[in-house]
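Chemist: Have a look at this one before I ask anything.
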Amino acid sequence: VVPVILKALTYDEKRGACSVGSNVRDAACYVCWAFARAYDPAELIPFINQISSALVIAAVFDRDVNCRRAASAAFQENVGRQGTFPHGIEILTAADYFAVGNRVNCYLTISVYIAGFPEYTQSMIDHLINMKIMHWDCVIRELSTKALHNLTPQAPEYMANVVLPRLLPLSVGTDLHTRHGAILACAEITHALCKLAEENNRPIAYYINEKSLEGLKQIHQEVCSNYPIYFLPVCTLIEKLSLSKMPFRGDPIIGGWQWLINDSLRSLPLVSSTARQHVKESAVSALAALCNEYYINEKGEADPALQDELVTQYVSELQNTEEMIRCGFSRALGALPRFLLKGRLQQILEGLREVTLISSGNVSFAESRRDALIAIAKVCQTVGVKGEGSPEEYVCKDNIAQIYATLLGGVNDYTTDSRGDVGGWVREAAMTSLMEVMLLLVQNEAELLSANVCKEVMCWLAQQSAEKIDKFRAHAGSVFLTLLHFDQPPIPHIPHREELERIFPRSEKETVNWNAASEAFPRITQLLALPVYQYYVLLGLTVSVGGLTETTLRYSAQSLFDYMKKIKNDSCAMQSFCETLLKVFEDNLRNDRVSVPLLTMLDQMLANGCFDMFTTQEDHPFSVKLFTLCKEEIKRSKDIRKLRSSIGVFCGLIQFQGDMREKVLFQLFLLLCHPFPIIRKTTASQVYEMLITYSDVADPAVMDEAMTILSDTNW
């Protein structure tokens, strides 16, 4: 039975898009559990090493959590009843029922601990080589190769003399899964062996002989002549061999690697956008490692010709008509080491700046704009800051204004397409990049942080912290608090710092859940009382209060109304708020992203009596200006939502005294004659409710007749 059970513990067969082996493996674990109860320890002695190794492998390396837990339970039963499993108690402590629930933890942490016991080391390595690096699930293949990297120090000679020579032929084979896993495994094992050699002051040749070196170079040649799906693992191989300091300086293979990285950045046709993204990330990591190892001379400088060719090519690709190519080369420029950026900083920053600009031909290129903003921050971090330095080499007083302008330009990207608010990716990248650049400056040359820029950044973050999309609101809130509470040294020129620290105590920095509208809006609306932030917070609140998401709408509106109640008897505060509100409306006239929810918000505020202080005054300027803006906003509009929201605002304005009432009624009568039936019907319904609420609008003698017409007509 034992040989069959050992085979069943690793049985895995793919059919279609799934595997049919998990039930078999689970049943095999149950049989091993039963062995512990059915036999005396002496009867199982001949099979102890086989069963214990098989159960350990299943508990740590099985794809399915139920099988890992079943193997752990069977191992525990055998340890408890038989007591003959090598190092049973120690292993069981590390790989108990709960610990094996996390697959990444099993592969990368628990496996290393168990492999420290010689009885299990080789069997675990052999299982990964024989079964897992060619597994049908890509995630398992990648985890297996990382596990081999971590296991290499446990058996370096075995890895170098047995495993690596065995993997090299597999890495140029014909099977896709085997080739992918073998290339990644070669990369990880080689890197681990070279690190080990460096730690022990040994030459690389101690572990990697000439034959293995030639085999590693052969992988590149084979891949370049085959389908580009293999570029992903080979980019990883390039990165690991570069980090391993392989003796390839001056070798023609370096040019081949550069060609392959460039083609990967151009994103040759692959199965999916996710695959393209993975290739780019892998290629960028490979590029950074390759440049740092093979493109720098003894003086720490780059070859001028090579630098000129590389930078010029990459900057020119930023204007490619293919968005994914722009993304790839933006990321690549952000990953270049300092010696390649030196003397070319302005050229690179200008190229990246142009990517962030929106034109008629690239409106939907949100991902390339995002990657360009991220790259600008990375370039700044790489070159460092020197106030009086050259703008071709450092972030300095001569180029910081350009950097700020580019990053702040991304904060107003509200592009939408069939994917939704894709501009949110750009805004998120702009937030992160601004934070990184500001922290870089304050720690090196704080005088480059001007009061105006600090104010602009904090105000914009406050606006984003009040907007409707949870993810971006949470990110903005996190960045806002990071800048506010940073103290190594503190960010200068933050407006109303003391009030902000009172609203957002340092103790709550990590506990505030910005994703939860119930926690975010009661705090952020307190910034309405701070003059510098009032406009921006109100602009952000507008799209939340007038939005469509119920939870966001409820808590944002309630927080706004609570603030209005606090200031309803303060004429100065009310005057300031109303002026800001009209300014928001005026600045965003015909901007449907803001104006439509703004009309909805105004409808709610008028219905809640937020402006009662002004209603008794004849033709108050606020009501006159608001009426004019609303009338202008809906002029020639065919937007149903906008028109319906405006009806509520006009009906709410009837509460103001003076000649305003006649103008409002006339506007409502025009809407009763609107070409759209839904607008006529909505207007009639709301005017009817308005006449009931405000009975002094018309003479009682005609009120009944007017209400009869409104209610009986088939609008």
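The values are calculated or read from the model by the stated rules, or taken from the named source; none is laboratory data. Since the structure is predicted, the reported quantities are computational estimates derived from the model, not experimental observations. In this analysis, Cβ positions are derived from the backbone assuming ideal geometry, glycine residues included, and neighbour counts consider all displayed protein chains. Please note that ligands, DNA and RNA were not included when accessible areas were found on the heavy atoms of the full protein model with its side chains. Shrake-Rupley method; radii C 1.70, N 1.55, O 1.52, S 1.80 Å.
Chemist: Within the stretch 286-337, can you find the residues that are within 15 Å of residue 374 (Cα to Cα) and either more than 29 Å from the chain's Cα centre (by Cα) or small (Gly, Ala, Ser) (or both)?
Modeler: If the condition is that a residue be within 15 Å of residue 374 (Cα to Cα) and either more than 29 Å from the chain's Cα centre (by Cα) or small (Gly, Ala, Ser) (or both), then 328, 330, 332, 334, 335 are the ones that fit.
Chemist: For the stretch 78-102, which residues satisfy the criterion of being closer than 27 Å to residue 15 by Cα and either touching a His at 6+ places or on another chain (Cβ under 9 Å) or crowded, with 18+ Cβ neighbours inside 10 Å (or both)?
Modeler: Scanning the stretch 78-102 gives a single hit, 100.
Chemist: Taking the stretch 417-428 as the region of interest, how many residues are in contact (Cβ under 8 Å) with a residue 24 or more places away in the chain and open to solvent by 10 Å² or more (accessible area, probe 1.4 Å)? Spell out the reasoning first.
Modeler: Taking the stretch 417-428 and keeping what is in contact (Cβ under 8 Å) with a residue 24 or more places away in the chain, we get 417, 421-428.
Narrowing further to those that are open to solvent by 10 Å² or more (accessible area, probe 1.4 Å): 417, 421, 425, 428.
Looking only at that region, the number is 4.
Chemist: If you scan the stretch 559-576, which residues turn out to be within 12 Å of residue 522 (Cβ to Cβ), in contact with a Pro (Cβ under 9 Å, 6 or more places away or on another chain) and crowded, with 16+ Cβ neighbours inside 10 Å? Reasoning before the result, please.
Modeler: Applying the first criterion (within 12 Å of residue 522 (Cβ to Cβ)) to the stretch 559-576 yields 559-563.
Cutting the leftovers down to in contact with a Pro (Cβ under 9 Å, 6 or more places away or on another chain) gives us 559, 562.
Within the stretch 559-576, just 559 meets the criteria.
Chemist: Considering only the stretch 592-608, I want to know if a residue exists there that is more than 27 Å from residue 698 (Cα to Cα), loosely packed, with under 15 Cβ neighbours inside 10 Å and not basic (Lys, Arg).
Modeler: yes
Chemist: Further question: Name the pairs whose Cβ atoms lie under 7 Å apart, with the first residue in the stretch 454-471 and within 17 Å of residue 525 (Cβ to Cβ) and free of Cβ contacts under 8 Å to residues at least 12 places away in the same chain, the second polar (S, T, N, Q) and crowded, with 20+ Cβ neighbours inside 10 Å, and 6 or more positions between them or separate chains?
Modeler: none
Chemist: So residue 34 clears everything in (1) under 49 Å from the mean Cα position of the chain (by Cα); (2) over 19 Å from residue 132 (Cα atoms); (3) in contact (Cβ under 8 Å) with a residue 12 or more places away in the chain except one condition, right? Which one?
Modeler: (3)
Chemist: Report yes if some residue within the stretch 37-50 is closer than 21 Å to residue 147 by Cα and not in a helix (DSSP H, G or I); otherwise report no.
Modeler: The answer is no, given that none of the residues of the stretch 37-50 is closer than 21 Å to residue 147 by Cα and not in a helix (DSSP H, G or I).
Chemist: Sticking with this one: Consider only pairs whose beta carbons are under 7 Å apart and that are at least six residues apart or on different chains; among these, list those whose first residue lies in the stretch 704-715 and is under 14 Å from residue 692 (Cα atoms) and touching a residue at least 12 places away in the same chain (Cβ under 8 Å) and whose second residue is open to solvent by 70 Å² or more (accessible area, probe 1.4 Å) and not hydroxyl-bearing (Ser, Thr, Tyr).
Modeler: Taking only residues 6 or more apart or on different chains, not a single pair turns up.
Chemist: Next question. Give all pairs with beta carbons closer than 6 Å in which a residue from the stretch 331-357 that is farther than 13 Å from residue 319 by Cβ and outside any helix (DSSP H, G or I) meets a residue that is open to solvent by 10 Å² or more (accessible area, probe 1.4 Å) and of a type outside the set (S, T, N, Q); count only pairs at least 6 apart in sequence or on separate chains.
Modeler: Every condition considered, the pairs that remain are 342/393; 343/392.
Chemist: Now for a separate question. Return only the number of the condition from (1) assigned to a loop (DSSP other than H, G, I, E, B); (2) open to solvent by 60 Å² or more (accessible area, probe 1.4 Å); (3) not small (Gly, Ala, Ser) that residue 274 does not satisfy.
Modeler: (1)
Chemist: Can you tell me which residue in the stretch 577-589 is farthest from residue 631 (Cα to Cα), limited to those that are open to solvent by 10 Å² or more (accessible area, probe 1.4 Å) and touching a helix residue (DSSP H, G or I) at 6+ places or on another chain (Cβ under 7 Å)?
Modeler: My answer is 580.
Chemist: Still on this model: What's the number of the condition residue 31 fails, among (1) surrounded by 15 or more Cβ atoms within 10 Å (Cβ to Cβ); (2) in a helix (DSSP H, G or I); (3) touching a Ser or Thr at 6+ places or on another chain (Cβ under 7 Å)?
Modeler: (3)
Chemist: Quick check: is even one residue across the stretch 103-112 under 24 Å from residue 139 (Cβ atoms) and open to solvent by 70 Å² or more (accessible area, probe 1.4 Å)? I'd like the intermediate steps shown before the answer.
Modeler: Quick first cut of the stretch 103-112, residues under 24 Å from residue 139 (Cβ atoms) only: 103-112.
If we keep only those that are open to solvent by 70 Å² or more (accessible area, probe 1.4 Å) too, we end up with 104, 109.
Yes, there is a match, as at least one residue in the stretch 103-112 is under 24 Å from residue 139 (Cβ atoms) and open to solvent by 70 Å² or more (accessible area, probe 1.4 Å).
Chemist: For the stretch 68-93, what are the residues that are outside any helix (DSSP H, G or I) and of a type in the set (S, T, N, Q)?
Modeler: Selection gives 82, 84.
Chemist: Just to verify a result, which residue in the stretch 232-263, among those that are assigned to a loop (DSSP other than H, G, I, E, B) and over 18 Å from residue 303 (Cα atoms), is most open to solvent (accessible area, probe 1.4 Å)? Walk me through how you get there before you give the answer.
Modeler: Going through the stretch 232-263, the residues assigned to a loop (DSSP other than H, G, I, E, B) turn out to be 244-252.
Narrowing further to those that are over 18 Å from residue 303 (Cα atoms): 244-247.
Values: 244: 7, 245: 104, 246: 3, 247: 88 Å².
Top of the filtered list is 245.
Chemist: Another question, if that's okay. Somewhere in the stretch 122-134, is a residue within 26 Å of residue 193 (Cβ to Cβ), open to solvent by 10 Å² or more (accessible area, probe 1.4 Å), touching a Gly at 6+ places or on another chain (Cβ under 7 Å) and not in a helix (DSSP H, G or I)?
Modeler: Keep residues of the stretch 122-134 that are within 26 Å of residue 193 (Cβ to Cβ), which gives 122-134.
Right, trim to open to solvent by 10 Å² or more (accessible area, probe 1.4 Å) and you get 122-123, 126-127, 130-132, 134.
Adding the requirement that they be touching a Gly at 6+ places or on another chain (Cβ under 7 Å) leaves 134.
With the extra rule that they be not in a helix (DSSP H, G or I), the set shrinks to 134.
Yes, because at least one residue in the stretch 122-134 is within 26 Å of residue 193 (Cβ to Cβ), open to solvent by 10 Å² or more (accessible area, probe 1.4 Å), touching a Gly at 6+ places or on another chain (Cβ under 7 Å) and not in a helix (DSSP H, G or I).
Chemist: Answer yes or no: is there a residue in the stretch 531-553 that is in contact with a Gly (Cβ under 9 Å, 6 or more places away or on another chain) and open to solvent by less than 70 Å² (accessible area, probe 1.4 Å). First the steps, then the outcome.
Modeler: At the first step, the residues of the stretch 531-553 found to be in contact with a Gly (Cβ under 9 Å, 6 or more places away or on another chain) are 553.
In the following step, the residues that additionally are open to solvent by less than 70 Å² (accessible area, probe 1.4 Å) were identified as 553.
Scanning the stretch 531-553 turns up at least one residue that is in contact with a Gly (Cβ under 9 Å, 6 or more places away or on another chain) and open to solvent by less than 70 Å² (accessible area, probe 1.4 Å).
Chemist: Please work out if residue 162 is hydrophobic (A, V, I, L, M, F, W, C), open to solvent by 20 Å² or more (accessible area, probe 1.4 Å) and assigned to a loop (DSSP other than H, G, I, E, B).
Modeler: Numbers: hydrophobic (A, V, I, L, M, F, W, C): yes; open to solvent by 20 Å² or more (accessible area, probe 1.4 Å): yes; assigned to a loop (DSSP other than H, G, I, E, B): no.
Against the criterion (hydrophobic (A, V, I, L, M, F, W, C), open to solvent by 20 Å² or more (accessible area, probe 1.4 Å) and assigned to a loop (DSSP other than H, G, I, E, B)), residue 162 does not qualify.
Chemist: Taking only pairs six or more apart or across chains, which ones have beta-carbon atoms under 6 Å, a first residue in the stretch 530-552 that is more than 30 Å from residue 453 (Cβ to Cβ), and a second residue that is among the β-branched types (Val, Ile, Thr) and buried (at least 21 other Cβ atoms within 10 Å of the Cβ)?
Modeler: From the stretch 530-552, the pairs are 546/600.
Chemist: Looking only at the stretch 547-561, decide whether some residue is within 22 Å of residue 497 (Cβ to Cβ) and assigned to a helix (DSSP H, G or I).
Modeler: First, the residues of the stretch 547-561 that are within 22 Å of residue 497 (Cβ to Cβ): none.
Within the stretch 547-561 (the criterion being within 22 Å of residue 497 (Cβ to Cβ) and assigned to a helix (DSSP H, G or I)), the answer is no, since none of the residues qualifies.
Chemist: Residue under question is residue 172, and the condition is that it be open to solvent by less than 10 Å² (accessible area, probe 1.4 Å) and either touching a residue at least 12 places away in the same chain (Cβ under 8 Å) or in contact with a His (Cβ under 9 Å, 6 or more places away or on another chain) (or both); does it hold?
Modeler: It is false that residue 172 is open to solvent by less than 10 Å² (accessible area, probe 1.4 Å) and either touching a residue at least 12 places away in the same chain (Cβ under 8 Å) or in contact with a His (Cβ under 9 Å, 6 or more places away or on another chain) (or both).
Chemist: If you don't mind, another one. For the stretch 1-10: of the residues being in contact (Cβ under 8 Å) with a residue 40 or more places away in the chain and assigned to a loop (DSSP other than H, G, I, E, B), which is least open to solvent (accessible area, probe 1.4 Å)?
Modeler: My answer is 9.
Chemist: Another one. Looking only at the stretch 11-28, decide whether some residue is at pLDDT 90 or above and assigned to a loop (DSSP other than H, G, I, E, B).
Modeler: Yes, the stretch 11-28 contains at least one residue that is at pLDDT 90 or above and assigned to a loop (DSSP other than H, G, I, E, B).
Chemist: Consider residue 687 carefully, then state whether it is open to solvent by less than 60 Å² (accessible area, probe 1.4 Å), assigned to a loop (DSSP other than H, G, I, E, B) and of a type in the set (A, V, I, L, M, F, W, C). Quick ask: steps written out before the conclusion?
Modeler: Numbers: open to solvent by less than 60 Å² (accessible area, probe 1.4 Å): yes; assigned to a loop (DSSP other than H, G, I, E, B): no; of a type in the set (A, V, I, L, M, F, W, C): yes.
In short, no.
Chemist: Also, quick follow-up: Looking only at the stretch 494-530, filter to residues that are surrounded by fewer than 17 Cβ atoms within 10 Å (Cβ to Cβ) and of a type in the set (Gly, Ala, Ser); which one of those is nearest to the chain's Cα centre (by Cα)?
Modeler: Checked the stretch 494-530; the qualifying residue nearest to the chain's Cα centre (by Cα) is 516.
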